[in-house]
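Values quoted throughout were computed directly from the atomic coordinates according to the rules given, and no laboratory measurement underlies them. None of the values given here were measured: they were computed from a predicted structure. As a convention, Cβ positions derive from the backbone with ideal geometry for all residues, glycine included, and neighbour counts pool all protein chains shown.
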Amino acid sequence: MRYYYILKNEKFLSLLAQLKELEAGREYCKHGIEHLMDVARIAYILSLEKGLDIDKDIIYTTALLHDVGRGEQYISGRDHHNAGAIIAGEILREMPYSSEETEMITSAIAAHGHKSDGDNLKGILYAADKLSRACFLCPANEKCNWDQDKKNHILRY
Ligand SMILES: [Fe+2]
Ligand SMILES: [Fe+2]
């Protein structure tokens, strides 16, 4: 299970702890380990349902790292998709992933803000990220800037 390396990576864990502090007072969706694992599991289900041949470790690693740039966005205003792809690349350099795998993971992270319904890593990451949110239970639902047709009025996964 190569994705275990992410869960033990010092940089990942310190950014996750920093993000927890930065989002302590946030009323909208947070981006902690629960969100990251929700996205990992849903993306893996989607991959199985669609019959895609994507390595489970690649899916989990991508999901765990996809919001790793969030803290930077709060601090500097820099877009977290691109910032996250760069940080993820730094973390992945210490991991047992090939350069092709690293490129696949970081490009999916960089793209996760853009709608994608492709039968590939980008498509399942985008979909799982959206499907993970229980909007209908969220107290900030009315104020949230997601379009009504994007919000989840039921949980499917
Ligand atoms: Fe994100
Ligand atoms: Fe996310």
Point to revise | For the range 1-89: relative contact order, % (alpha-carbon pairs under 8 angstrom, 6 or more apart) | key: 28
Review point. Label-point separation (nm) for Gln18 and Glu34, each offset 7 Å from Cα along Cα-to-Cβ?
Key: 2.4
Check your understanding: Rounded to whole Å and sorted largest first, what semi-axes of the equivalent ellipsoid does the C-alpha gyration tensor of the chain yield via the square root of 5 times each eigenvalue?
Key -> 23, 20, 13
Study note, to complete from the structure: At R0 = 30 Å the Cβ-Cβ FRET efficiency linking Leu155 and Ser99, nearest 0.05, sits at 0.20
Check your understanding: Summing Lys, Arg as +1 and Asp, Glu as -1, what charge do residues with Cβ under 14 Å from the Cβ of Ile86 carry, Ile86 excluded?
Key -> -1
Practice item. Return the loop-located GluC sites (Glu not before Pro) in the range 54-157 (DSSP other than H, G, I, E, B) with at most 13 other Cβ atoms within 10 Å of their own Cβ; answer none if there are none. Key: Glu94, Glu142
Point to revise | Pairs from Lys50/Lys151; Lys8/Lys56; Lys8/Lys143; Lys30/Lys50; Lys30/Lys115; Lys8/Lys50 whose Cα-Cα separation, in the structure shown, is over 26 Å | key: Lys8/Lys143; Lys30/Lys50; Lys8/Lys50
Study note, to complete from the structure: Sorted by chain and number, the residues with a modelled amide H under 5 Å from that of Arg133, at a separation of 5 or more or across chains, are none
